[in-house]
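Enquirer: What follows is a single structure, and I will ask about it in a moment.
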Amino acid sequence: MSGVPDAADDQERRAARREVLLLEYEVLKAEQKARIIARDHLMYATLAGLVSVLVVVFTAEAPAGTVLLLPPVCLVLGWTYLANDRKISAAGRYLRDELAPRLADLTGTRPGEVLGWEWAHRGGPGRIAAKILQLAVDLVMFVVPTMVAVVLHWTAATPGRGLSLVAAAELAAAAVLAVRIVLAADFASERRTP
């Protein structure tokens, strides 16, 4: 034997690499699906948390500052939502930019012909409008209630110094979250690579 791999060995190695990449694809899509489900459930959890706090706030015996319980609900769940959303987007980018070209190389096809859905859903009509609407929903769900709660607290008869400092911190955290949500909004429209 000359130690030079023959065509059969090369085909076996290419087939093995293809199988590994396909397994990576399946695992990554499963993680992406699980994160999408978790992210979507965070919306429901936020709504439930908001309603729960509002029930307490609007009871006759609610102590002053109870409305400041609203921001932690929105902020904690908002940050968690954003973290999941970023991982979902990162997985999609990895599939399009890394995995698809490697699979295309191993299958002898063009990059846009492999994992086509990863591009197809990013270029359809109405994508920008849908992304703007989603951005608005995210801000209304996770940022606006904090701002409203802080304004309600500060317009109360006697907001109190300690709770006003808490409110200011909550407002600052909401501003940071709002900026992060806006920066994470992905308005790019992509078509398949030819």
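The values are calculated or read from the model by the stated rules, or taken from the named source; none is laboratory data. Everything numeric in this text was worked out from a predicted model, so none of it was measured. All Cβ positions, even for glycine, are placed from backbone atoms using ideal geometry, and neighbour counts span all protein chains on display. Each accessible area value is taken on the protein alone, full model and side chains, heavy atoms only, with ligands, DNA and RNA left out. Shrake-Rupley method; radii C 1.70, N 1.55, O 1.52, S 1.80 Å.
Enquirer: Probe of 1.4 angstrom, ligands and nucleic acids ignored: what's the accessible area per residue over the chain, in square angstrom? Don't skip to the end; give the middle numbers.
Expert: Numbers: 11520 Å² over 194 residues.
Each residue of the chain exposes 59 Å² on average to a 1.4 Å probe.
Enquirer: Calculate the dipole size of the chain relative to its Cα centre from +1 charges on Lys and Arg beta carbons and -1 charges on Asp and Glu beta carbons; express the result in debye to the nearest 20. Each step should come with its number before you reach the end.
Expert: Values: 21 positive and 20 negative charges, 86 e Å.
Rounded to the nearest 20 debye, it is 420 debye.
Enquirer: Among 40, 85, 138, which one moves the most in a GNM of the chain with springs linking Cα atoms closer than 10 Å?
Expert: Of 40, 85, 138, the Gaussian network model singles out 40 as fluctuating most.
Enquirer: Taking the dipole about the Cα centre of the chain, with the C-beta of Lys and Arg at +1 and of Asp and Glu at -1, give me whichever of 48, 115, 158 is farthest to the positive side.
Expert: 158
Enquirer: Report the extension gain between residue 19 and residue 182 in nm, rounded to one decimal, defined as 0.36 nm multiplied by the number of residues separating them, less their alpha carbon distance. Mind dumping the intermediate values first?
Expert: Values: separation 163, 0.36 × 163 = 58.68 nm, distance 3.81 nm.
54.9 nm is the gain from fully extending residue 19 to residue 182.
Enquirer: Within 11 Å, Cβ to Cβ, of residue 36, how many net charges do the neighbouring residues add up to if Lys/Arg are +1 and Asp/Glu are -1?
Expert: Working: positive: 29, 33, 35, 39, 87; negative: 31, 40, 85.
Every neighbour counted, the sum reads +2.
Enquirer: May I pose another question? At a 1.4 Å probe, what is the % contribution of carbon and sulfur to the accessible area of the stretch 19-128? Let's see the in-between values first.
Expert: Details: 3940 of 6020 Å².
So the carbon and sulfur contribution to the accessible surface is 65 percent.
Enquirer: Then there's this: Of all GluC sites (Glu not before Pro) in the stretch 1-67, which ones are in loop regions per DSSP and have a Cβ with at most 11 other Cβ atoms within 10 Å?
Expert: Values: sites: 12, 19, 24, 26, 31, 61; in loops: 61.
Within the stretch 1-67, the qualifying GluC sites (Glu not before Pro) (loop, at most 11 other Cβ atoms within 10 Å) are 61.
Enquirer: Under a 10 Å cutoff between Cα atoms, tell me which one of 47, 69, 133 has the largest fluctuation in the Gaussian network model of the chain.
Expert: So, out of 47, 69, 133, the one fluctuating most is 133.
Enquirer: While we're here: Using a 10 angstrom cutoff on alpha carbons, build the Gaussian network for the chain and name the most mobile of 44, 81, 25.
Expert: Highest fluctuation among the options: 44.
Enquirer: Viscosity 0.890 mPa s, temperature 25 °C: give me the Stokes-Einstein translational D for the chain in µm²/s, with Rh taken as the Kirkwood radius over C-alpha pairs. Before the final figure, lay out the partial values.
Expert: Values: Rh = 20.1 Å.
So the translational diffusion coefficient is about 122 µm²/s.
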